[in-house]
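Engineer: Dropping a structure here in structure tokens format, bear with me for questions.
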Amino acid sequence: IVAGKIVHDTIREMQKVEDESLLEAINSQRFKNLLKNLTFNYEELFFEDNESKNFDEIKIYGNKGEFYLKDLSTGTKEQVLFALRVTLAEKILGDKAFLILDDAFQHSDYDRRPRLIDQLFTLADDGWQIIYLTMDDNIRDIFINKGVKREDYKMIGL
């Protein structure tokens with residue numbers, strides 16, 4: 001019983017440290033800047049109740065007000081989660097890494113897509129290696145038009 005309690009307390013302490021690390025990343029200026037650059041509207045992500053880390057209680061704040069993350073469009077959710085992935089990867093690895101994206105902006109509206117792809121090129125300029133897979137002709141064409149001016153861009157068509 002004593003050993004079980006020690007294991008339980010140790011796991012709880014590890015979870016607390018992990019939660020604090022996640023909150024630190026979410027509250028970082030890097031995440032906030034990336035979130036704003038990707039969503040064009042939202043600036044901050046937070047838990048409505050800091051005691052409960054329930055996905056349903058995550059809120060997002062921006063120039064249009066506060067909303068629950070679960071109530072946003074699929075495209076906006078993908079943009080928020082993309083910003084979070086990049087921020088957490090940098091925090092965990094301590095450096096830039098690589099991304100393999102499979103139509104990550106497929107659910108984003110057509111007006112936002114060029115700016116989202118610009119953000120991918122900005123990440124690449126910052127040292128990220130990016131592979132973007134798409135079956136969407138519009139996204140492919142945007143990449144072609146923006147990538148043709150770059151030396152480090154390579155498109156492979158199948």
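FYI, it's all coordinate maths here, none of it is from the lab. This one's a predicted model, so the numbers in the text were calculated from it and none came from an experiment. Here Cβ is always computed from backbone atoms with ideal geometry, including for glycine, and neighbour counts include all displayed protein chains.
Engineer: What does the extension gain come out to for residue 66 and residue 15, with contour length at 0.36 nm per residue minus their alpha carbon separation?
Structural biologist: Working: separation 51, 0.36 × 51 = 18.36 nm, distance 2.76 nm.
Roughly 15.6 nm would be gained on extension.
Engineer: What's the Cα-based Rg to Rh of the chain, Rh via Kirkwood?
Structural biologist: On the way: Rg = 18.4 Å, Rh = 17.5 Å.
Result for the chain is an Rg/Rh of 1.06.
Engineer: Can you list residues whose amide H is under 5 Å from residue 59's amide H, if they're 5+ apart or on another chain and H is modeled 1.01 Å from N?
Structural biologist: Under 5 Å from the amide H of residue 59 lie the amide H atoms of 46, 47, 48, 69, each far enough along the sequence or on another chain.
Engineer: List the trypsin sites (Lys or Arg not before Pro) in segment 47-128 that DSSP assigns to loop (not H, G, I, E or B) and whose Cβ has at most 11 other Cβ atoms within 10 Å. Which are they? Mind showing how you got there, number by number?
Structural biologist: Working: sites: 53, 59, 64, 70, 77, 85, 91, 96, 112, 115; in loops: 53, 64, 96, 112.
In loop regions of segment 47-128 (DSSP not H, G, I, E or B), the sparsely surrounded trypsin sites (Lys or Arg not before Pro) are 64.
Engineer: Let me ask another. Which of the lysines could a cross-linker span from residue 154 if the Cα-Cα distance has to be under 19 Å and same-chain partners fewer than 8 positions apart are dropped?
Structural biologist: Candidates past the 8-residue exclusion: 146.
Engineer: Turning to a different aspect of this structure: Mind checking which lysines have their Cα closer than 22 Å to the Cα of residue 16? Skip sequence neighbours fewer than 8 apart in that chain.
Structural biologist: Correct list for residue 16: 5, 53, 59, 91.
Engineer: Tell me which lysines have Cα within less than 27 Å of residue 149's Cα, excluding those fewer than 8 residues away on the same chain?
Structural biologist: 36, 96
Engineer: Classify segment 64-103 as rounded, prolate or oblate from the Cα gyration tensor: take a ≥ b ≥ c as the square roots of its eigenvalues, call it rounded if a/c is under 1.5, otherwise prolate when a/b beats b/c and oblate if not.
Structural biologist: Numbers: a/c = 3.95, a/b = 1.83, b/c = 2.16.
Verdict is oblate for segment 64-103.
Engineer: Now for a different question. Could you work out the Kirkwood radius for segment 7-87, taking every pair of different alpha carbons, averaging 1/r and inverting it, reported in Å? Display every interim value, and only then the final one.
Structural biologist: Values: mean 1/r = 0.0752 Å⁻¹.
Computed over Cα pairs of segment 7-87, the Kirkwood hydrodynamic radius comes out at 13.3 Å.
Engineer: Let me ask something additional. What does the charge dipole of the chain about its Cα centre add up to, to the nearest 20 debye, if the Cβ of each Lys and Arg holds +1 and the Cβ of each Asp and Glu holds -1?
Structural biologist: Details: 22 positive and 30 negative charges, 76 e Å.
Dipole about the Cα centre, nearest 20: 360 debye.
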